[in-house]
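Please read the structure below before turning to the comments.
Bear in mind that the values in this text are calculations on the coordinates, not laboratory data. All values reported here derive from a predicted model rather than from experimental measurement.
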């Protein structure tokens, strides 16, 4: 799982906790999102499983780039805002 990066500290526009997984491939970044209902107890483990599964099997977004690690470091926050509307 060395090519997967996770972020658990985000909230969406409705105040729900989200987990974002980014899988780094040779020429792309693959994004997966898991959203926890405000009625449920947030679980990093469950959020991580769902977000990683989505990034690997059915990504929400695929960002094509010649240098994925550079893009992940320099453009991560703007990509999350662009794709999910999350600050």
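Below, the figures for the structure above:
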| item | result |
| --- | --- |
| Folded to 0 to 90 degrees: helix 44-57 orientation relative to the chain principal axis, Cα | 40 degrees |
| Over the chain: helical MRE at 222 nm, DSSP H runs n ≥ 4 each giving -39500 (n - 2.57), nearest 500 | -11500 deg cm²/dmol |
| Rounded to 10°, Cα long-axis angle of helix 68-84 versus longest principal axis of the chain | 40 degrees |
| Candidate values (i) 1.90; (ii) 2.73; (iii) 1.03, label of the one derived for Cα Rg over 2.2 N^0.38 Å | (iii) |
